[in-house]
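So the structure is just underneath, and the comments pick up after that.
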Amino acid sequence: VTEQQTDPPSPPPSSRKGFFEMVDTRLGQNRELLEATGKVPASQLKVFWLEVDPRHHPTPPAADGWRLLEPHFFFYSQPGVPGSNQIWLDAANERIWYVYSFGKRDDVEAILRRDLLSRRGVDRAWLAERFLESVQRKAGYTDRGFRFSFKGALSRDKDPEGMPRFSGKFWLGNQVSVEQESFLRLSQETFSKSSLRMGRRSEGKSSSNSGLLIEVYSRGHMTVTTCDDTEEILGLINDIGTSYAGDLRELERRRESFPRPVEYRFGMKLDIEQFRAQVEAGVGPTKLWMQEYAEEDGLHRFVGVDLHTNDLLNLDLADSYAYLVGTPKACMNAAPRLMTLSAEFLSGKTDMYYEGAQLFA
Amino acid sequence: LDNDSRPDMLAVTDNWRAVIEISCSPNKEFERAREYPKGNLSAPLKAVLGDRPRKSAGETFFVTEESGIKSFPKDMNAVNVYPPFASRLPSVNDGELLRRLREWKGFPGPVASYNLMALPESGIDEIRFQLAGILRQVMFDGATTDAASIADRLLGELAPAVSAAGKRELVRSVATLLERAASSITGLTWIAATHSIVARKADSAQTRMAFSREMAAWLNVRFLESFSVTDEEVDPDAEENE
């Protein structure tokens, strides 16, 4: 990976058209660098999908480096540090915002967390494992690896050093040996995946590099390592956002007509005491602030608020299954959020159903 | 029925009649429910369903989706149709019905909950914890809310089906609890004139923690803080910089 912490000093594009032309140029430069040196460029395209509840009319903060370039198209540049961690935000879609950057992912994410994800009505798109698999399947891309990553957010150990954690990232080539294949298969069946790497071969016969290689993360973002067709990658970015928004709207439409619960099945047993500790205090990534109000024979019933939208939610939780019900007009982004996070908490498989059919899959 | 009793539901076969009460509250007026099995079909029902001798299938069947069937009178029947499915069948006369109910393992999928957390007759002790959940919503919004609105949230999607008079007892219980909560919990103010609670906005993790701690003390339950997460976000990918 080549070291490149800042963007080139040329003035950033000030329109959508200019921005997408820049994306095309930068992806081309990255591809040439990869082909010439075999090294993956550090300045890769990062995309974040943000879910937006239109009832709250969220907007980026007017100050703090954000400015409007054209209707629903914003640009961020870190004040006092021109050229670093530039971010473009396309907020034209009323349900999904698209965030683009060539900056460092952690830095960009910290800015998004501070300026956008902290605002009421803005949340991540939570791309649980089944959704990631469906992205790969629909695009017809080949399996190029995966990652599992576990931090014991429900650990009983207060000392961060004692918190159980492990992570693994598997980069797959074209062929995997028989011995490795059995290990890979077992690990894929055992752990929940927090990201999938996928791609396709280059259409140019002379090139030995991938024509497209991306990694899509369950926490709603993607890194484009290389791509020889900018329109293809921009189309994929749009397809993922559209598909997620479509599933969410469908869930909300059905919920509005009938109060059937979203059903979860956990592959590993959930520590309900620790889950209760988080949601009753209103801290942690679940964005839920709830009160347990009944318990019988292992089924714990919670009611409280989704801190994303202030909607009232009911959650019935056992150690191997759960039911989530929102009010009729509630934003249901809590459903894929809980799905993704429970898989992360447990590092085991979690499935989500509505009326017996899998959701976001 | 012909003895002027009014069960929620009636089930009949050629030979049997069963009376059903939909309930989640042990505050039910059970004496009235004892009259149900003694009654026979009223004349209009006989006209529709056929006038023939039918035996009582058993004591009143309480059908509930709430936990707590153990709190119903021991001589009455109770079936919990929500997981974990359970039944108590001390008084069933219809042998076939008894066999089917004993075999029943629950619905294959989850049933609708209708966001129901209380019934109009629910008393103070039955709604305290649910109220603590709803108050989190009020607190997060920094809103002013009256007791009737909170009673509606407790009734979930059944709220529009209950008349104002029918809700009166529940609204009174909610008001009593809100007044008590406001006297113990920082950030809540009770306005007696409008039967409303005014909440100071809980817009930070610290404020929510403080409220939760005081609420737990008020509910007299153990408040757990022994979890490892202090951040709003835990990012499993944070160690990687791509």
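Things to note:
- Conditions (1) of a type in the set (A, V, I, L, M, F, W, C); (2) surrounded by 23 or more Cβ atoms within 10 Å (Cβ to Cβ); (3) at pLDDT 95 or above; number of the one not met by A:A91: (2)
- Restricting the range B:211-222 to residues that are more than 10 Å from chain A (Cβ to nearest Cβ) and surrounded by 15 or more Cβ atoms within 10 Å (Cβ to Cβ), the residue that is nearest to B:M139 (Cα to Cα): B:E214
- All positions within the range A:30-54 that are farther than 19 Å from A:R105 by Cβ, over 22 Å from the mean Cα position of the chain (by Cα) and surrounded by fewer than 16 Cβ atoms within 10 Å (Cβ to Cβ): A:E32, A:A36, A:T37, A:G38
- Residue check for A:N30: within 14 Å of chain B (Cβ to nearest Cβ), touching a residue at least 24 places away in the same chain (Cβ under 8 Å) and assigned to a helix (DSSP H, G or I): yes
- Residues that are within 11 Å of chain B (Cβ to nearest Cβ) and in a helix (DSSP H, G or I) are absent from the range A:213-230.
- Residues being assigned to a helix (DSSP H, G or I) and free of Cβ contacts under 8 Å to residues at least 12 places away in the same chain - total across the range B:99-132: 4
- In the range A:266-287 there is no residue that is among the polar types (S, T, N, Q), closer than 13 Å to B:G133 by Cβ and modelled with pLDDT of 90 or more.
- Listed by position, the strands (runs of 3 or more DSSP E) inside the range A:44-128 whose residues that are hydrophobic (A, V, I, L, M, F, W, C) and touching a strand residue (DSSP E or B) at 6+ places or on another chain (Cβ under 8 Å) number at least 3 are A:45-52, A:66-70, A:73-76, A:87-90, A:96-101.
- For the range A:74-130, the candidate set comprises residues that are of a type in the set (S, T, Y) and under 17 Å from the mean Cα position of the chain (by Cα); within that set, the residue that is farthest from A:R147 (Cα to Cα) is A:S118.
- Of the strands (runs of 3 or more DSSP E) contained entirely in the range A:270-339, those carrying at least 3 residues that are at the interface with chain B (Cβ under 7 Å from one of its Cβ atoms) fall at A:288-296, A:299-306.
- Any hit, the range B:147-158, residues being away from chain A (no Cβ under 14 Å), surrounded by fewer than 22 Cβ atoms within 10 Å (Cβ to Cβ) and more than 15 Å from the chain's Cα centre (by Cα): yes
The values are calculated or read from the model by the stated rules, or taken from the named source; none is laboratory data. The model shown is predicted, which means the values in this text are computed figures rather than measured ones. Heads up, the Cβs are rebuilt from the backbone with ideal geometry, glycines too, and the neighbour counts pull from every protein chain shown.
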